[in-house]
Amino acid sequence: MARVIAVANQKGGVGKTTTCVNLAASLAATRRRVLLVDLDPQGNATMGSGVDKYEVEYSAYDLLVEETPAKEVIVKDTNGKYDLIAANADVTAAEIKLMEFFAREVRLRNALAEVQDDYDFIFIDCPPSLNMLTVNAMGAADSVLVPMQCEYYALEGLTALIDTISKLAAVVNPDLAIEGILRTMYDPRNRLANDVSDQLKQHFGDKVYRTVIPRNVRLAEAPSFGAPAIYYDKSSAGAKAYLALAGEMLRRAERTEPQAEEV
Ligand code: ADP
Ligand code: MG
């Protein structure tokens, strides 16, 4: 059964979408079966996967509101390596319409249940706010991956986010865990970034991934070519960092999962 990971941070521009697209591609490159669910009406993860958000027949709107089965909504990324549920401006309407439903927080969880066995990982790219779409992502997820930039106010924002996650979890999903905290757009020559990084490790210990994503122009360019960086420029520092992160996630999962019983 897939591990469902919501990639969330109420702040915009911290690397949520870049992380979703490049992790999906990197895990697919290690032969994991991956589904990426774009829940941001901006549709950046959709476009970054090489899928035209204006041309798709179905989007997360259909999944959440119309109850179109996930299998009908799913498309392939441009390289055919991972699966995608697209988002576009229609998803804004989903946010509003969701309010009308009974058990509105678990619409996504229920919708994904029928495809959970088809994947090893399901990533959910959240919008940069804590709205009903993000609540649905938290309701559907096993864990939350938080990308963050090591800036001055970052720790404050992170503490607030983790507080909100635990409050939400208490209501919609008591088993929700923190998957990990990812340092993005990192510049090791920046002293403040190093200080914030140290504090982060003090506060959150092992939850902070060892892998750091550097600021890398290839990661920023790749979306305009409609491809994750590992296809656009495999040798770039950004592509290598996300491949390393995928490796770290897989090793972590092996450590925490119970070993198969000996016969
Ligand atoms: P979010 O989804 O949190 O809003 P994005 O992933 O869209 O953030 O990233 C915000 C902007 O920063 C985008 O233009 C993206 O291409 C760029 N970006 C993200 N990560 C990096 C990185 N490691 N190095 C350079 N640019 C990056
Ligand atoms: Mg985004």
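Read-outs: derived from the displayed coordinates by stated rules, not from any lab. No experiment lies behind these values; they were computed from the predicted model shown. So basically every Cβ, Gly included, is an ideal-geometry build from the backbone, and we count neighbours across all protein chains shown.
Before moving on, here are some points about what is shown:
- With both residues required to sit in the chain, DSSP beta bridges show an antiparallel share near 5%.
- Most positive-pole-ward Cα, Met249, Ile74, Val135, against dipole of the stretch 3-253 from beta carbon charges: Met249
- Pairwise Cα inverse-distance average, inverted: Kirkwood Rh of the chain (Å): 18.4
- The stretch 6-85: relative contact order in percent, alpha carbon pairs under 8 Å with at least 6 residues between: 30
- Whether the stretch 4-155 is rounded, prolate or oblate, judged on the alpha carbon gyration tensor where a/c under 1.5 counts as rounded: rounded
- Averaging the Cα positions of each part gives two centres, and for the stretch 179-234 and the stretch 67-143 these lie 25 Å apart.
- Modelled spin labels at Thr256 and Asn110, positioned 7 Å past Cα toward Cβ, are 2.8 nm from each other.
- The residue among Gly226, Val34, Ala89 whose Cα reaches farthest toward the positive pole of the charge dipole of the chain, with charges on the beta-carbon of Lys, Arg, Asp and Glu, is Gly226.
- In percent, rounded to a whole number, the relative contact order of the stretch 3-253 is 26, using alpha-carbon pairs under 8 Å and six or more apart.
- Selected from Phe101, Ser197, Val14, residue furthest toward positive end of dipole (the stretch 3-253; charges at beta carbon): Ser197
- Here the stretch 3-60 is assigned +1 on the Cβ of each Lys and Arg and -1 on the Cβ of each Asp and Glu. Its dipole about the Cα centre then comes out at about 440 debye.
- A simple rule links phi to the HN-Hα coupling: the Karplus curve 6.51 cos²θ - 1.76 cosθ + 1.60 with θ = phi - 60°, which for the stretch 24-34 gives 4, 5, 5, 5, 5, 5, 9, 6, 7, 8, 10 Hz, with x for Gly and Pro.
- The charge dipole of the chain, taken about its Cα centre with unit charges on the Cβ atoms of Lys, Arg (+1), Asp and Glu (-1) only, comes to about 1000 debye.
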